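The values are calculated or read from the model by the stated rules, or taken from the named source; none is laboratory data. Source: prediction; values computed, not measured. Don't worry about glycine lacking a Cβ; one is built from the backbone with ideal geometry, like all the others, and counts go over all protein chains shown.
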Amino acid sequence: MENLIANFNYVIVVILMMIGLWSMLAQKNLIKKCIGMAILQTGIILFFISIGAKNNALIPILTEAAYSDPDVATVANPLTQILMLTAIVVGVATLGVGLGLAQKIYHQHSSFDEDEILENQRK
Amino acid sequence: MTGQLPIIVILGPLLAAILAAFTAWLRPKLSYPLVVLGLAISFTAALKLVFIVADEGAKIYWLGNWGNQNHEFVVGIQITVDNLNTLLLTTVSGIALLTALYAKRLVETELAGRQRYFYALLSLLVTGLLGISITGDIFNLYVFLEIAALSSYALIAYGKGRAYMASFNYLIMGTMGACLYLLGVGFVFIKHGTLNIDNLSGIIPTLDPSQALFVGFVLILLGVWVKMAFFPFHGWLPNAYTHAPTASAAVLAPLATKVAVYAMLRIMFTVYSLDYITHSPGIQSVVLYLSTIAIVVGSFFSLTQTNLKMIACYFIISEIGYMVGGAWLANKPGLTGAMYHLVADAAMTSALFMAIGCIVYRLGQAQLDDLKGVFFKMPVTMGAFVVTMAALIGVPPTCGFFSKWYLIQGAAEAGVWHFVAALLLSSLVKAIILFRIIEIGYNRVAHPAIEGNPAIPRNEAPLSMLIPTVAMTLGLIALGLATNTLVNTIIVNAVPAALTQ
Amino acid sequence: MMPSLPIWQFDVLLLVLVVLFAVVALSIRNLMGAAVVFGAYSFMMCLIWAGMGAVDVAFTEAAVGAGVSTVFIVSTIYNTSATMRSRPGGIAFKLFIGVVVTLAGVFLLSALPDFPDWGDPNSPANATVAPYYIENSIRDTHVPNLVTSVLADYRGFDTLLETIVVFIACIAIYSILRIETAKSKTDEPEEDTATAPPSYDPSDSLIVRQASRFMVPFMQLFALYVIAHGHYSPGGGFQGGVILGASLILLAISFDLKFILRQWREKPLMLLVASGVCLYATVGLACMFTGGNYLDYGSLDSVLPNDRAMARSHGILLVEIGVGITVMFSMLAIHINLASNGRFDRGL
């Protein structure tokens, strides 16, 4: 239990990931699938940011006083942050393409419902 | 100049794609030659690297020159060329180049008026695939995965109609795979704090009991399995590649899945290690069973299909089972077979989709029933098709025979008989399909050579498509004849050292 | 160990809220509502990240996740329909997926005891490679914002590829959606009721229009500052580019898409999208011609006036500008495509 509280961030990450995965696989509405995908991605970003968090650390921008000899323990980890900047951008790119496809599909079948679309295609 | 070769492999198609995005508006005719030039540069560089690496060993290239900072760990991004990936780089860029030459006519007819960014996207796809094969950084690999994935969604969606839904499904599955991979990278990173593959392979202990590392391993595997359409994650592949335009499918089908297999090999044997695999016997036997099921399922569904493209797609799924199984046998012949099959299967699938493309170009579609008399209409194409099928079945001296030979040897050595049975079954199924096609295409019409029967006019595919198809088919035989050299000079050095002593 | 920030209760509250918002966004029956709740979810998320010291990431998420992503979803819904048709059945399938996902979650949680403590400055992730950047960024590149120096220099290749991802998304959406309507400008496009977006009447939003007319210049000025000052403060090419793109999208929404289309024609817009990546890739190539490896801005010191570290600093500024250009125009082009359903004539 103690472990759960200390790692509360990671528990939230796992929950968000489960929500995202479930809605990508089980939801039938294409837009809901896209939103689920975005939630999964932000969950992973939260995971990486939590990995790089430091207690009592400041933002990863050095003050002039620290130019010559920065104290590593007081500056947040920049590496995980830039990895996640990339991940955010990849996320919005995928979301955009997904929405574009969803729009095309809607104009073909007048529906966002996966079952209805598949039925239409079988005809 | 030789020092810069590894980056040139990637820069060729990358810069060509960026320039093609300009010429798409300014001089539309220039896009195509630019992309072909980019791919040709990449292929030349990759081919040169094969010889350099075989002679001098692995080459490391530091982007931004951030490698030698007197720090224990690499702080920048590196790309690595070694015996495991030079062959793949050559295969990817070579097949992409040949397919680009082949695809011009197809694109002009299939995508008339909509081809503005087609070649740019094609070139970006190849960039992504080459990047996955060359990078030495597990996060960089994720970015390349997404580059390849995003451009392939667009390339598939060019097929219109059903292709949109197929592409959307692929997008959902592909993103899920990429996310699982990224999460796995996070689990590795939280334990070891570096992303560089060489550094990781040095510091991950061979028998690490860490649960986080194990979860990371499983997540990364699941991620690449979704990307390579391994059973039970294969659902997206058949629709996506069937409804895609033939030109897109001819590039995607042979390359995209193979590159994901390479990523799996890299993670299994370089980031983690051979001992890590062999000391988790539970997973090993589960994966071997999954591979067997993948082969059986792929073979079974290919029998039930009536569309030639669909059949070819299910072949891919069973071939993925070959490679994953071979890799997880974790012995020398099995791994040799898997690595050799990586190249051989890319070539075979490429030849198969090129031949199917020629048929589609002339007949309009590829339902089995439409193939009546096709052997008389398109003798050269069908000749290539039969040779390709023979290679897939495993007839010597084609490359398909040798890869199967190594795989069966490996499975027998490890005593995994269900895998041997699945390999043989899959050959049998392919033989049945070949004979069925011969029956329809050759026997179901009155033979035109016999007096009194109506003549069937020759209607061969245009030369610009036929020559690449025939070249690729001859390549299958050449690859088969060169097996010994390839295995003994390159692949033997790519197999983990513990197995070769 | 508890996170020892004085207001850790606040963090816990935000984390719980995030999960709540995610569930609401996915269970709400109206898609427009779902999009709005998703925007709120992203905004909560960016507060959490800011709380953990990741200001640049929070900044980007506020602009990208809470801003542009939500607009994309809204303009898609605007073109289609916000109602969800439900059909009975499928419960067994949903339950099955639920079980699979729960098992996956349990599997992930099984690794928790193996994790280093949250916030431990000596955990492997914080003590292996990361300290190098903190200690040497000033010496290597003269850039005090470590995120900028790592993003654009140490891991500049990732950033080049990430810009290319945006570029691909832009041309992919263009290829998927763009419908060539009329050949010449004078021709009225054929009315195609199936694909034409509903016409949008902005006359009832006088306050919004006047307010955005007033805000846009300040947004753009701020965005330029964010790009130019990214070396010393949070921000950089991505954030600035997204804000610039968002300012144009704001104009498009509060007035009319036609208003924006009069200023930004299709051809120059798509050429500008490509020119940003081209600038980035060319800077990299220039490094090769001055004798370094690809993206080794240090080797540009032979053509730039200062020493190697300063050359790196200038190189970073150049590529950030490239990133900004591509991101700005990609966001606008993606929005135009989604909002007008690829017709480039009218829409949200």
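Data table
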| item | result |
| --- | --- |
| Criterion violated by B:Leu11 - all others in (1) more than 23 Å from the chain's Cα centre (by Cα); (2) within 23 Å of C:Leu271 (Cα to Cα) satisfied | (1) |
| Helices (runs of 4 or more DSSP H) (entirely within the stretch B:407-501) containing at least 3 residues that are surrounded by fewer than 18 Cβ atoms within 10 Å (Cβ to Cβ), touching a helix residue (DSSP H, G or I) at 6+ places or on another chain (Cβ under 9 Å) and on the phi < 0 side of the Ramachandran plot | B:417-438, B:463-481, B:497-500 |
| Whichever residue in the stretch C:71-94 is modelled with pLDDT of 85 or more and more than 9 Å from chain A (Cβ to nearest Cβ) and, among such residues, is surrounded by the most Cβ atoms within 10 Å (Cβ to Cβ) | C:Val71 |
| Flag for B:Lys309 being within 28 Å of B:Leu101 (Cα to Cα), modelled with pLDDT of 90 or more and among the charged types (D, E, K, R) | yes |
| Out of A:Glu64, A:Glu114, sole residue that is among the charged types (D, E, K, R), under 30 Å from B:Pro232 (Cβ atoms) and out of contact with any Gly (no Cβ under 8 Å at 6 or more places or on another chain) | A:Glu114 |
| Subset of the stretch C:136-168 (residues that are farther than 30 Å from B:Ala120 by Cβ and either basic (Lys, Arg) or more than 10 Å from chain B (Cβ to nearest Cβ) (or both)) | C:Ser137, C:Ile138, C:Arg139, C:Thr141, C:His142, C:Val143, C:Pro144, C:Asn145, C:Leu146, C:Val147, C:Ser149 |
| Candidates B:Leu363, B:Leu423, B:Leu342, B:Leu352, filtered to the one that is aliphatic (A, V, I, L, M) and modelled with pLDDT under 90 | B:Leu363 |
| 2 or more residues crowded, with 24+ Cβ neighbours inside 10 Å and more than 7 Å from chain C (Cβ to nearest Cβ): qualifying helices (runs of 4 or more DSSP H) within the stretch A:1-111 | A:8-26, A:30-51, A:78-109 |
| Qualifying residue in the stretch B:135-150 (condition: facing another protein chain (nearest Cβ under 7 Å) and in contact (Cβ under 8 Å) with a residue 40 or more places away in the chain) | yes |
| Failed item in (1) hydrophobic (A, V, I, L, M, F, W, C); (2) surrounded by 23 or more Cβ atoms within 10 Å (Cβ to Cβ); (3) part of a helix (DSSP H, G or I), with C:Leu318 passing the rest | (2) |
| Residue count, the stretch B:165-213 (criterion: hydroxyl-bearing (Ser, Thr, Tyr) and crowded, with 21+ Cβ neighbours inside 10 Å) | 5 |
| Candidate set from the stretch C:9-36 (those that are farther than 18 Å from A:Met18 by Cβ and at the interface with chain A (Cβ under 9 Å from one of its Cβ atoms)); member that is modelled with the lowest pLDDT | C:Asp11 |
| Pairs, first closer than 15 Å to B:Ala16 by Cα in the stretch B:33-49, second acidic (Asp, Glu), C-beta under 8 Å, six or more apart | none |
| Hey, B:Leu122 under 21 Å from B:Tyr164 (Cα atoms), surrounded by 24 or more Cβ atoms within 10 Å (Cβ to Cβ) and of a type outside the set (Phe, Trp, Tyr) or not | yes |
| Some residue of the stretch B:179-189 being in contact (Cβ under 8 Å) with a residue 60 or more places away in the chain and either facing chain C (nearest Cβ under 10 Å) or in a helix (DSSP H, G or I) (or both) | yes |
| Residue that is modelled with pLDDT under 90, in a helix (DSSP H, G or I) and within 8 Å of chain C (Cβ to nearest Cβ), where the choices are B:Gly76, B:Gly64 | B:Gly64 |
| Residue under evaluation B:Val81, criteria (1) closer than 23 Å to C:Thr282 by Cβ; (2) in contact with a Pro (Cβ under 7 Å, 6 or more places away or on another chain); (3) not basic (Lys, Arg), criterion not met | (1) |
